[in-house]
Amino acid sequence: MLQNLLKKFRKKPHASYPEPAIMNAYARLPVSFVRGEGAKLWDADGREYLDALGGIAVTFLGHCHPKISETISLQANKILHTSNLFHIQEQADLGEAFCRISEMEKVFFGNSGAEANEAAIKIARLQANAKGIKAPTIITAQHSFHGRTMATLSATGNAAIQNGFAPLLSDFVHVAYNDIDAIKQHSENTNVVAVMIEPIQGEGGVIVPSQGYLEAVRALCDENGWLMIVDEIQAGMGRTGKWFAYQHEGILPDIMTSAKALGNGIPIGACAARGVAAELISPGTHGTTFGGNPFASKIASTIIEIIEQDKLLERAEQLGSMIKKQVRQHLGSSRKVVDIRGKGLMIGIELDQAYPDLAMIFLNAGLVVNVTGGGKVIRLLPSVVLSDTQAKTIASIIHDVVSEL
Ligand SMILES: *Cc1c(COP(=O)(O)O)cnc(C)c1O
């Protein structure tokens, strides 16, 4: 069956791309995209693909968005980098826009998601220090993903990401996700300083917690004097139909982190906070060479403007519903499909088992997706510039591929 499908969709064999000088961090698929426009990608052989992955939740505004390209060009001809030793107007402007959309008070800009989470963890340590807690503990979730630096991989609830890197930071205890009692059990632990949580688990398999879970975590944090840290690196920046997924529950964390779609491909990350957590960083306690430079800041500001002007939060919600509805119509009764879930343009289609080479089969069918959650969940993180027709094409390719598995 699989062989037939590979044959059916294969136009000619994919090339292999030797890269002898690159460290072996990724088991890459044998394709190299060389050009993009909106939700379309072209490989080195000129083959066209529909991009339902968006560089893993990064290119939310699609490839080569004309307004972003224009800003890149204008800013590149003005100034790229100065230093955080000096005032950066572009960073100050982005800070205000970012705090407005996130409902936070202050923000620190770095270059990636992991760095944003590092800043959040350092703020939690400063808070622990201020409270006289000697062995600070942060509660995080099983199957979570928070990054690949030593602190963030220690925070991550996935042994595969931690193996080989002991000793880990001892700050973290991992509890079941979407289980408020699992967190409540730590109420007596005076070392706990924060809870760090994804509003929807992305790498873990697009796990959407029950309505009210984040609200309950918020209440528990208030009760115990813990900081609530929400990792919006994958779900945030409009993808779920709100700027940030915690806004679906009308709550505010003390600290939130963002990256990925914040730069649409230009590296930038943000750690924002309110209340005490917004005041703990002081000169000498944290820093970055590149973070918040004029170039990245200007582009991120432009991205916020585009999402607002083009009313793309509503569009994300609408497109997400459309894709889910179509997939349900095509495959709702298939015994191979266990669940179709997600919020806005963060969608998971859980299959009954792991099918080998699934991402490659989709590539051969002209659709870029990712498979996560133990190889069973087709993850869609497409761009909000999809047309209705492209959204329907995504659903119909998924139908074609899954029905042939
Ligand atoms: C991608 C991701 C990170 C890490 O971001 P990087 O930019 O790769 O360091 C952290 N948390 C979540 C939820 C993510 O999806």
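The values are calculated or read from the model by the stated rules, or taken from the named source; none is laboratory data. In this text, all values refer to a predicted model and were calculated from it rather than measured experimentally. Every residue, glycine as well, gets a Cβ built from its backbone with ideal geometry; the counts of neighbours run over all protein chains shown. To get the accessible areas, we keep the full protein, side chains included, count just its heavy atoms, and leave off ligands, DNA and RNA. Shrake-Rupley method; radii C 1.70, N 1.55, O 1.52, S 1.80 Å.
A few remarks follow.
- Histogram of C-alpha separations across the stretch 1-155, 5 Å bin width, %: 1, 6, 8, 11, 15, 15, 13, 11, 8, 5, 3, 1, 0
- Inter-label distance, nm, simple model (7 Å from Cα along the C-beta direction), Q89/L405: 5.4
- Bins of 5 Å from zero: percent of alpha-carbon pairs in the stretch 66-309: 1, 7, 14, 19, 20, 16, 11, 7, 3, 1, 0, 0
- Annotation: per residue accessible area for the chain equals 44 Å², rounded to a whole number [probe 1.4 Å, protein chains only].
- Couplings 3J(HN,Hα) for the stretch 65-77, derived from phi with the Karplus relation 6.51 cos²θ - 1.76 cosθ + 1.60 (θ = phi - 60°), are 4, x, 6, 6, 4, 5, 4, 4, 5, 4, 5, 5, 8 Hz, where x marks Gly and Pro.
- Label zone at S396, where the point sits 7 Å out along the Cα-to-Cβ direction: the stretch 281-324 residues whose backbone N lies under 16 Å: 323-324
- Nonpolar atom fraction for the stretch 66-309, defined as the carbon and sulfur part of the 1.4 Å probe accessible area, stands at 53 percent.
- Theoretical gain in end-to-end length, R35 to A21 [0.36 nm per residue, Cα-Cα removed]: 2.7 nm
- Under 5 Å, built H, 5+ apart or other chain: amide partners of H63: E37, G38, A39, K40
- Scattering from the stretch 247-405 was approximated by placing one identical point on each alpha carbon and applying the Debye formula without solvent; log10 I(q)/I(0) at 0.15 1/Å stands at -0.93.
- Exceedance of the 21 Å cut-off in Cα-Cα distance is limited, within the set K343/K376; K242/K343; K40/K67; K67/K392; K122/K184; K78/K311, to K67/K392; K122/K184; K78/K311.
- Full extension of the chain between K336 and F165 yields a length gain of 57.9 nm, computed as 0.36 nm times the residue separation minus the alpha carbon distance.
- Rounded to the nearest 10 degrees, the angle from helix 89-102 to the longest Cα principal axis of the chain is 80 degrees.
- Antiparallel bridges, percent of DSSP beta bridges restricted to the chain (to nearest 5): 65
- Kirkwood-based shape ratio for the stretch 85-126, expressed as Rg/Rh from alpha carbons: 1.00
- Convex hull volume of the Cα atoms of the stretch 140-263, normalised per residue: 99 Å³.
- Computed P(r) (all Cα pairs; the stretch 334-405; 10 Å bins; percent): 19, 59, 21, 1
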